[in-house]
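Step one of this worksheet: look at the structure below.
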Amino acid sequence: MEKTTFNHRSVLLHETIALLDIKGGGLYVDCTTGGGGHSAAIAAKLAEYGGAKGKLICFDRDASAITAAKSRLSQYKNIEFINANFADMAEYDICGADGVVMDLGVSSHQLDTAERGFSFHEDAPLDMRMNAEDALSAYNIVNEYSQEDLTRILFEYGEEKHARAIARGIIRRRELSPVTTTGELAEVIRTNVPLSYRNAKNPCRKAFQAIRMEVNDELPSLERGLQAAFAALKSGGRFAVITFHSLEDRLVKRTFAGFAQGCDCPRELPLCVCGKRPKAAHVTRKPVEPGEGELADNRRARSAKLRAVEKLP
């Protein structure tokens, strides 16, 4: 049975709240509420302003996260909870936001709840769905995708150099019987990579990441969500995003650079003729990373990067 508590330690919490520059009476959106860490910090800041009527909107595609966040934030007023993918934010007509935050990736709760099937450390049914109502699960991918498609997602989403060998191993294994658990999948992965690779690092990490990202449509969702979240900001509003692996960070970096780009006329022209102006200014020129204290206290923070922009008039 799934745990009733939603334990998750928010990474770069203080740095994120500082970059959001929270104002009394403002409207803020937490796109990935999870256990409510960033949401609670935002709500507490808004409450400090007393009579100011600030509002917080909390998104999460995981219904258990929404339930936990409602309990954790019950002492605060003016909070709206939306059980949906942040990629669909545009459907909720949110506008004039003073700040938006995204804390990407899988939560500690999801990793630590074995029956969700996110972790290769526990033997559990192949699932990996952030929204339990979604049709596609890790079982479908592992047992129904072609060798070419398996190779593609392992290489593109996991940056796995042994993608082809792992995909062939999965095909051979499922010809005998379906791969039904995380333990069975982990064993297939381990037996289809070189011994030196197995000894150097856990070979399951990248493959599990890739399958999870395919299950939850993570990169396409992020691409849509970044555009929708930026559109929801008011002038002067800030947008902060925490990433945990290179694919996410590259997409965020590229998107933020696009928001901040102005004229794109050829350099040989003496004057601008395109008329384009930047839509945003970088608040962080380089990503903010966890300090030594946070890294020592939370090993899952080691790959986190925080980037932020401010919307221009």
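Highest mean first, the peptides 36-47, 291-302, 174-185, 200-211 sorted by other C-beta atoms within 10 Å per residue fall in the order 36-47, 200-211, 174-185, 291-302. Accessible area per residue for segment 1-151 is 45 Å², calculated with a 1.4 Å probe on protein heavy atoms, without ligands, DNA or RNA.
Here r is the Cβ-Cβ distance between GLU48 and GLU133 and R0 is 45 Å; the resulting FRET efficiency, rounded to 0.05, is 0.75. DSSP bridge analysis restricted to the chain gives an antiparallel fraction near 40%, rounded to the nearest 5. In this structure, the pairs whose alpha-carbon distance is over 21 Å, taken from LYS161/LYS286; LYS23/LYS311; LYS253/LYS311; LYS45/LYS279; LYS234/LYS305, are LYS161/LYS286; LYS45/LYS279; LYS234/LYS305. How high is the FRET efficiency from ASN143 to ARG198, r the C-beta distance, R0 22 Å, rounded to 0.05? Taking R0 as 22 Å, the efficiency between ASN143 and ARG198 is 0.40. Paramagnetic label reach from ARG267 (point 7 Å along Cα→Cβ; backbone nitrogen cut-off under 14 Å): within segment 282-312, no residues.
State the extension gain, in nm to one decimal, for the chain segment bounded by SER246 and ASN78, taking 0.36 nm per residue of separation less the distance between their alpha-carbons. Walk me through the numbers on the way to the answer.
Numbers: separation 168, 0.36 × 168 = 60.48 nm, distance 3.56 nm.
Between SER246 and ASN78, full extension yields an extra 56.9 nm.
For the chain, list the DSSP H helices whose alpha carbon atoms reach 15 Å or more along the long axis and whose average Kyte-Doolittle value is -0.5 or above?
Taking the DSSP H segments of the chain (at least 15 Å long, mean hydropathy at least -0.5), we get 37-48, 163-176, 204-215, 218-232, 246-260.
The values are calculated or read from the model by the stated rules, or taken from the named source; none is laboratory data. In this text the structure is predicted, and so the values were computed from the model without any measurement. Because the Cβ atoms are built from the backbone with ideal geometry, glycine has one as well, and the counts that use them run over all protein chains shown. All accessible areas refer to the heavy atoms of the entire protein, side chains included, with ligands and DNA or RNA removed. Shrake-Rupley method; radii C 1.70, N 1.55, O 1.52, S 1.80 Å.
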